[in-house]
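The values are calculated or read from the model by the stated rules, or taken from the named source; none is laboratory data. Owing to the predicted nature of the structure, the values given are computational and were not obtained by experimental measurement. Don't worry about glycine lacking a Cβ; one is built from the backbone with ideal geometry, like all the others, and counts go over all protein chains shown.
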Amino acid sequence: MSDELFNFELITPSKVLISGSVNSVSIQGVEGDMTIFANHSPIATALRPGYLKVVINNKSENYFVTGGFVQIIGDEVVILAEKATLESEVSLEMIDQTINKTKNLMENASELQKCVLAKKLNDLTIIKSQL
Amino acid sequence: MPNLKDLKNRIESVKSTRKITKAMQMVAAAKLRKAQEAAEQARPYAEKMSTVMEKITSTNLSSDSPLLIGNGNNKTHLIVIATSERGLCGAFNSSIVRQAKSHLNNLLSDGNNIKILTIGKKGREQLKREFGQYLIEHVDLSDLKTVSYENASNISENIISKFFKNEFNIATIFYNQFESVISQTPKASQLIPIETKKGEVEIQTSTSNFLYEPDEQEIIEDLLPKVITTKIFTALLENGASEQGARMSAMDNATRNAGEMIDKLTIQFNRSRQAAITNELIEIISGAEAL
């Protein structure tokens, strides 16, 4: 484990949740989970609904996101999440709401989008069953 | 010449009007602060979103998503007009509607079809008479205290699904950009197809070896609706701040005017009272002299 820090931002439409130096960030991307340390190669990936673990000053914080987007350029890691809450504040209601919304979206989406949404729905159901 | 009692009543009524406008001004000032804060907190997301978009579109020029390149036609325009739910905010609503109307007339005279979606009932009321037949939908936000991202995403999903049903080709949103308490400028911004700054962005060396997970196509497909939602969300927040700003300055003016009116009426009241007293005195003196 490296001790190097890097700049990390967790941004939602209503608020900047985290902005500062962190040790590492673990994310659940659509193509697999990964943990980001300093000097990661440039990458852009979509997030699936799930948890992300941010280690700040060797203390970890867990957030739940309903989906989003990660971009890593040089020393800057940015996560754009539509909705992010602390893991302790996640409720069954909230997940149900997201599931319903995703189902509504699927009704008139294009083929490619339907594919993405179906994956999302699956992830959400798994998370729901784990609660 | 109105009699004294009438004048007194009028002064009282203007005074209570002033109290109301003063109170509204203070409420608007408090709400303005909140609205500005909300607009500021949403800014980083919008900024990052647009830089991400620029990065991707600058490397991947071959995307054929209809949201980016249009659906092959530009005859039918969807005009989204965002106004306020409440009145008493000066020229706020009429300035948006005026600009939208001139845009609509231009489109009509060029032989385009138009459809109008209104957000906020004040704009709808103003457009009903002239463009009533084009109004297709209305979004009611009157129950909300603050606009959330959810609201914006509901609106954008609605618009996007209409786009994929080929109900329109180009969507533009009209709203007021907040500049300061005394100045808000009506602005139009194109939602679909998404305008990108192709060619303007220098392709940096770091973006050429950018990894995409999954592939660019899917990421773009995922991002585009979000970009539209973000645009609508920003527009709604700007509009919210502008509305409160406009209301604050309108109510400030009204309060000042009421004060002036009270001064004038008070002078008039005092004069007529004095005239009445003088009259009475003359009557008494001339009566005494006659004796």
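For region B:48-56, does any single residue satisfy the condition of being assigned by TED's automatic domain parsing to the domain that holds B:ILE173 and either within 24 Å of the chain's Cα centre (by Cα) or within 23 Å of B:ALA246 (Cα to Cα) (or both)? Step through it out loud before you land on a result.
Start the filter on region B:48-56 by keeping residues that are assigned by TED's automatic domain parsing to the domain that holds B:ILE173, which leaves B:48-56.
From the residues that got through so far, the ones that are either within 24 Å of the chain's Cα centre (by Cα) or within 23 Å of B:ALA246 (Cα to Cα) (or both) too are B:49-50.
So far as region B:48-56 goes, yes, one or more of its residues are assigned by TED's automatic domain parsing to the domain that holds B:ILE173 and either within 24 Å of the chain's Cα centre (by Cα) or within 23 Å of B:ALA246 (Cα to Cα) (or both).
I'm checking my understanding of the structure. Among residues of region B:44-79 that are among the charged types (D, E, K, R), surrounded by fewer than 16 Cβ atoms within 10 Å (Cβ to Cβ) and free of Cβ contacts under 8 Å to residues at least 12 places away in the same chain, which one is farthest from B:ASN113 (Cα to Cα)?
B:GLU47
In region A:63-101, how many residues are assigned to a helix (DSSP H, G or I), in contact with a helix residue (DSSP H, G or I) (Cβ under 9 Å, 6 or more places away or on another chain) and farther than 27 Å from B:GLU47 by Cβ? Can you show your working first?
Filtering region A:63-101 for residues assigned to a helix (DSSP H, G or I) gives A:87-89, A:92-101.
After this cut, where a residue has to be in contact with a helix residue (DSSP H, G or I) (Cβ under 9 Å, 6 or more places away or on another chain) as well, the list is A:92, A:95-96, A:98-99, A:101.
Right, trim to farther than 27 Å from B:GLU47 by Cβ and you get A:92, A:95-96, A:99.
Total satisfying the criteria: 4.
Can you work out which of the residues in region A:16-38 that are within 14 Å of chain B (Cβ to nearest Cβ) and among the hydrophobic types (A, V, I, L, M, F, W, C) is surrounded by the most Cβ atoms within 10 Å (Cβ to Cβ)? Walk me through it before giving the result.
Residues of region A:16-38 that are within 14 Å of chain B (Cβ to nearest Cβ), as a first pass: A:16-20, A:27-34, A:36.
Filter once more, keeping what is among the hydrophobic types (A, V, I, L, M, F, W, C): A:16-18, A:27, A:30, A:34, A:36.
Values: A:VAL16: 15, A:LEU17: 17, A:ILE18: 16, A:ILE27: 22, A:VAL30: 18, A:MET34: 15, A:ILE36: 20.
Restricting to residues being within 14 Å of chain B (Cβ to nearest Cβ) and among the hydrophobic types (A, V, I, L, M, F, W, C), the top hit is A:ILE27.
For A:ILE43, are the conditions met, namely being hydrophobic (A, V, I, L, M, F, W, C), under 16 Å from B:ASP222 (Cβ atoms), surrounded by fewer than 20 Cβ atoms within 10 Å (Cβ to Cβ) and within 13 Å of chain B (Cβ to nearest Cβ)?
Numbers: hydrophobic (A, V, I, L, M, F, W, C): yes; under 16 Å from B:ASP222 (Cβ atoms): yes; surrounded by fewer than 20 Cβ atoms within 10 Å (Cβ to Cβ): yes; within 13 Å of chain B (Cβ to nearest Cβ): yes.
Criteria met by A:ILE43.
Quick one: A:ILE72 ticks every box in (1) of a type outside the set (Gly, Ala, Ser); (2) in contact (Cβ under 8 Å) with a residue 40 or more places away in the chain; (3) under 25 Å from B:SER65 (Cβ atoms) bar one, so which box is it?
With (1) of a type outside the set (Gly, Ala, Ser); (2) in contact (Cβ under 8 Å) with a residue 40 or more places away in the chain; (3) under 25 Å from B:SER65 (Cβ atoms) applied to A:ILE72, the lone miss is (2).
For region B:64-148, list the helices (runs of 4 or more DSSP H) that sit wholly inside it and hold at least 1 residues that are touching a helix residue (DSSP H, G or I) at 6+ places or on another chain (Cβ under 8 Å) and among the charged types (D, E, K, R); which are they? Talk me through it step by step, then tell me what you get.
Working: elements: B:66-69, B:92-109, B:121-131.
Once the helices (runs of 4 or more DSSP H) in region B:64-148 are filtered for at least 1 residues that are touching a helix residue (DSSP H, G or I) at 6+ places or on another chain (Cβ under 8 Å) and among the charged types (D, E, K, R), what remains is B:92-109, B:121-131.
Only one residue in B:ALA290, B:ALA258, B:ALA235 is at pLDDT below 95, more than 14 Å from every other protein chain (Cβ to nearest Cβ) and either under 13 Å from the mean Cα position of the chain (by Cα) or more than 30 Å from A:PHE69 (Cα to Cα) (or both). Which one? Give the steps one after another, and end with the answer.
Working: B:ALA258 fails: at pLDDT below 95; B:ALA235 fails: more than 14 Å from every other protein chain (Cβ to nearest Cβ).
After ruling out the rest, the residue left standing is B:ALA290.
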